[in-house]
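See below for the structure under consideration.
All of the numbers you see were taken from the coordinates with simple rules; none came from a lab. Note that the structure is predicted; figures quoted are calculated from it, not measured. Here Cβ is always computed from backbone atoms with ideal geometry, including for glycine, and neighbour counts include all displayed protein chains.
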Amino acid sequence: MVGSKQRISYFPLSQMDDRMMQVMQRCAEEGTPRPESSAIRAHSPAAFWAFDDAWEKLFRNGVVDHGIKELCRVYVSRSVKCEYCGNQRSEAARSSNLSEGKLDELMNFETSSTFSDRERAALSYAEAITWRSETGDGFWDRLHSHFSEEELVELACFIALTMGQQSWIRLLNIDHHEVMAGSSASLAPGFESKEALSESKQKTEYWAAGKD
C-alpha cells in the first residue's frame with residue numbers, strides 16, 4: 001500500500017456508551033478483534049453491532065471447531081495481506097496448541113503434513129472463496145466428507161465475513177497499540193508491544209515483507 005496516513009479516525013472512547021465500552025474492554029482483554037478495528041467500526045453503531053453479533057456467533061461460538069476457523073482467518077490475512085489482522089491470534093485457538101509453526105505452513109497447506117485432512121479441506125474452502133477458484137464435484141465431495149451442511153454454511157459465512165473485513169481493514173493504515181494501549185491480548189509472538197511490533201516488521205522473514 002502506498003503511504004502510511006491513517007484513512008479513517010478512531011472513534012473517541014469518551015463518546016462511547018457503556019454497552020459499547022464493554023465490548024471495547026473485552027477487545028483489550030481478550031483480543032480478536034482488538035480495540036483499533038473496533039474503534040473504527042464504532043463510527044457506525046449499526047456496523048459496530050452487526051459485526052460484533054456476527055463475530056460472536058460465527059467465530060467465538062458456533063458448531064465448527066474454533067481452531068479450524070482460526071486457521072481460515074489467518075489464511076485470509078496472509079492472502080489479502082492484512083497486517084493488522086495477520087498479526088493477531090485467537091487466544092482460544094492458541095490455548096488448544098495451535099502453533100506458530102503450523103500457521104507458517106498455511107500457504108502450503110495442501111502439501112504440508114502439518115494439517116489433518118479435515119483442516120486441509122477447510123483451507124481449500126477458504127482458498128476457493130478468497131481466490132474465487134472454480135470448483136467441481138471432487139471439491140464438494142471432499143468438503144461433504146468432512147463437514148455437515150450446517151458446518152459448511154457456518155464456515156463459509158465466517159470466511160466471507162473475515163475476508164470482507166480484512167480486505168477493508170488493510171486499506172486503513174491502522175496498527176496495534178494505538179487504542180487502549182498496554183494490552184498484548186491475542187497478539188502474535190513478537191508483536192506484544194509497540195517497540196516489539198516495529199522490530200518484528202523490520203525482519204527479513206516477516207510474513208508480509210515486500211507487500212505492495
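To test your reading of the geometry: what angle, between 0 and 90 degrees and rounded to tens, separates the Cα axis of helix 117-131 from the longest principal axis of the chain?
With rounding to tens, the tilt is 60 degrees.
Scan the chain and report its longest stretch carrying no GluC sites (Glu not before Pro) that are both in a DSSP loop and have at most 12 other Cβ atoms within 10 Å.
Values: sites that count: Glu110, Glu134, Glu205.
Segment 1-109 is the longest.
Once you charge only the Cβ atoms, +1 for Lys and Arg and -1 for Asp and Glu, what is the size of the charge dipole of the chain about its Cα centre, to the nearest 20 debye? Please report the intermediate quantities before stating the final value.
Working: 24 positive and 33 negative charges, 130 e Å.
So the magnitude is around 620 debye.
If pairing requires two Cys Cβ atoms under 4.7 Å apart, which cysteines of the chain are left without a partner?
Cys27, Cys72, Cys157
Given a Förster distance of 41 Å, report the FRET efficiency between Glu178 and Arg142 from their Cβ-Cβ distance, rounded to the nearest 0.05. Please list the in-between numbers first.
Details: r = 42 Å, r/R0 = 1.01.
Once rounded, the FRET efficiency stands at 0.50.
Within 13 Å, Cβ to Cβ, of Leu197, how many net charges do the neighbouring residues add up to if Lys/Arg are +1 and Asp/Glu are -1?
On the way: positive: Arg34, Lys194, Lys201, Lys203; negative: Glu36, Glu83, Asp175, Glu178, Glu192, Glu195, Glu199.
With Lys, Arg at +1 and Asp, Glu at -1, the net is -3.
Does the stretch 39-167 classify as rounded, prolate or oblate by the C-alpha gyration tensor (a ≥ b ≥ c root eigenvalues; a/c under 1.5 gives rounded; else a/b over b/c gives prolate, otherwise oblate)? Don't skip to the answer; put the middle values down first.
On the way: a/c = 1.62, a/b = 1.36, b/c = 1.19.
Prolate shape, in that a/c is at least 1.5 and a/b is the bigger ratio.
By how many nm would the segment from Glu199 to Glu150 grow when fully extended, if each residue of separation counts as 0.36 nm and the alpha-carbon distance is taken off? Please report the intermediate quantities before stating the final value.
On the way: separation 49, 0.36 × 49 = 17.64 nm, distance 4.27 nm.
Extra length from Glu199 to Glu150 when fully extended: 13.4 nm.
Below 14 angstrom from the Cβ of Thr135, what's the summed charge of the other residues (Lys, Arg +1; Asp, Glu -1)?
Details: positive: Arg132, Arg142; negative: Glu127, Glu134, Asp137, Asp141.
Local charge sum for Thr135: -2.
Over the chain, what relative contact order in percent results from Cα pairs under 8 Å that are six or more residues apart? Don't skip to the answer; put the middle values down first.
Details: 210 pairs, mean separation 68.4, N = 212.
Relative contact order for the chain comes out at 32 percent.
Build a GNM of the chain with springs between Cα atoms under 10 Å: which of Gly67, Gly138, Gly164 gets the top mean-square fluctuation?
Gly138
Please give the net charge around Arg118, taking every other residue with its beta carbon less than 11 angstrom from that of Arg118, where Lys and Arg add +1 and Asp and Glu add -1.
Details: positive: Arg120, Arg142; negative: Asp65, Asp117, Glu119, Glu151.
Local net charge: -2.
Please list, by residue number, every one of the trypsin sites (Lys or Arg not before Pro) in the stretch 143-212 that is coil in DSSP and has at most 14 other beta-carbon atoms within 10 Å.
On the way: sites: Arg170, Lys194, Lys201, Lys203, Lys211; in loops: Arg170, Lys203, Lys211.
Passing both the DSSP loop test and the Cβ count: Lys203, Lys211.
Projecting each Cα onto the charge dipole of the chain (Lys/Arg +1, Asp/Glu -1 at the beta carbon, about the Cα centre), which of Trp168, Ala92, Ala50 comes out farthest on the positive side?
Trp168
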